[in-house]
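The values are calculated or read from the model by the stated rules, or taken from the named source; none is laboratory data. Predicted, not measured: the structure shown is a model, and the values here were computed from it. Counting neighbours? That spans all protein chains shown, and the Cβs are built from the backbone with ideal geometry, glycine included. We work out accessible area using only protein heavy atoms, side chains counted, and drop any ligands, DNA or RNA first. Shrake-Rupley method; radii C 1.70, N 1.55, O 1.52, S 1.80 Å.
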Amino acid sequence: MKTRALIAWSDADVALAGAVLMDLAFAGKVDSDQDNLFILQRSSEAPEEQPLALRLLGHWGGCVRLDIALDELVSRIGDLRSATVSSLASRDINLSFCSRVSGDFRHVAWNGSQVREALALQEELKGLVESEELPKPAHASLISLLGACEIAGPFLGGRAHEKWTTQHRERLDSIRRMDLVGRAVAETVSRLRCRLRAYLLDADQSDSATAESRKTHGPRVSYTRSRVTWEWRVFWPEGEAVELPPSWDGFGIDSDSEAELLEDNYLLVHGKNDNIKLRGSGLKIKRMVEACHGFIAYGSSVKFQFPEKTATLAKIFPRLIEVTADLHSSDDLIEIMSATGYQPRVLMVSKARRVQSMIFGVQIEFSRVSVNGRAFNSISLESRYLTALRILARNLPIGAGQVAGYSEFLDCIVRMN
């Protein structure tokens, strides 16, 4: 995917978040000044009956900075997009349909049904820009939103949109200044573009270097795990259909491809979030380096082979320094850990997975996970770039899913039983 296309994709996420805030404002649920968003309606309705956007912003109380509110909504844009499509469908405006891919995963495909009203609105907005007429607040907000994402020209100006934009730039700017949310969207878009360009520059340089290497070393491997790698994973109960967003087209699972079957014994240790597996006669540990809003950075895997001394494993489990012993098996390790108060527990996890590469070195995994007699669907994204995962992950509707690393997820399974 080209850089400009990915930036436009990110802009569209911010634009939808801005549109959601504008809808709440016109419904009298929020208001704003130049810097802040105010929640006007502390609804007595049950949380599940409130608009999704208000539920997402609810923990901020009655006032939140506009830029923070937009970031909050953008981080869940997949769910907001899904809720918007459902709301339109309830008004007999059907913009999408789902086609099954495999199992409980399915692609969301967009069509162009019932677009006459949208085309009429497009012409009305164009006419307002080309005239001196004072626009209605709702129309000013829409024009402001289009301008903030720099798509007013392509959307309203037609084929000669560059000339049209130049001709009406002063009028577009004056309308945009009328709307406070539109200003906040423009600032957020600018900030995210700077961050995204820095990421894309780094990624492009990596690709260029690898392409140069390919001339002498053969085909490029599209994904390579780095020393510190970010991961994002979500689990859904079996039977919960998972909708893949339109922007993921081409990255869905191939029902004809053969799944890799894995069985692993995970070692859960109270108070630790490392990914720890008992494999054969040894341990494989991915240590958590950092966690950020559901995204987890892991270091390179560390392996230990039995027999092993407690002093060596104390680098990972510090309490073991109090015991001097040779550990001849995982059973010995678990016994010593229990004696030092670690509360270890072993869970056998079966997984059927399919893995493929996405854009700029991101790996995606689709899997079906079975543990303790229960089955779950799971999607994970993995990359050295946190920015890449943020952009891709936020477009996936989470719904009833749980965003968590394996250790946190398995700990929840243990507590449920």
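Quick notes on this one:
- Residues whose amide H falls under 5 Å from that of Asn273, counting only those 5 or more places apart or on a different chain, are absent, with hydrogens built in the peptide plane.
- 9 Å beta-carbon shell around Phe376, net charge (K/R +1, D/E -1): 0
- Whole-Hz couplings from phi, Karplus 6.51/-1.76/1.60, listed for the range 173-189; x for Gly and Pro: 5, 5, 5, 5, 5, 6, 10, 6, 5, x, 4, 5, 4, 4, 5, 5, 4
- Eligible lysines near Lys286 by straight Cα distance, threshold 29 Å, same-chain separation 8 or greater: Lys272, Lys277, Lys303, Lys309, Lys315, Lys351
- Structure remark: mean-square fluctuation, Gaussian network model of the chain, C-alpha springs under 10 Å; the largest value among Arg193, Arg319, Arg225 belongs to Arg319.
- Stretch in the chain that is longest and holds no GluC sites (Glu not before Pro) that DSSP places in a loop and that have at most 14 other beta carbons within 10 Å: 259-417
- Counted charge near Leu73, where neighbours are those whose Cβ lies closer than 10 Å (Asp, Glu -1; Lys, Arg +1): -2
- Taking only protein heavy atoms and a 1.4 Å probe, the accessible area of the chain is 50% carbon and sulfur.
- Each residue of the range 335-348 was assigned a 3J(HN,Hα) from its phi angle through the Karplus curve 6.51 cos²θ - 1.76 cosθ + 1.60 (θ = phi - 60°); the sequence is 5, 5, 4, 4, 5, 9, x, 7, 6, x, 8, 10, 10, 8 Hz, with glycine and proline shown as x.
- Proximal aspartates and glutamates relative to Lys284, as straight alpha-carbon distance under 12 Å, when same-chain residues fewer than 8 apart are discounted: Asp264, Asp274
- For a label point 7 Å along the Cα-to-beta-carbon line of Asp331, residues of the range 263-279 with backbone N under 18 Å: 265-267, 278-279
- Here's the list of lysines a cross-link from Lys126 could span, going by alpha-carbon distance under 27 Å and ignoring same-chain residues fewer than 8 apart: Lys136, Lys163.
- In order along the range 21-31, phi translates into HN-Hα couplings of 5, 5, 4, 5, 5, 5, 7, x, 8, 9, 9 Hz, rounded to whole numbers, per the Karplus curve 6.51 cos²θ - 1.76 cosθ + 1.60 with θ = phi - 60° and x for Gly and Pro.
- Accessible area of the chain divided out per residue, in Å², using a probe of 1.4 angstrom: 52
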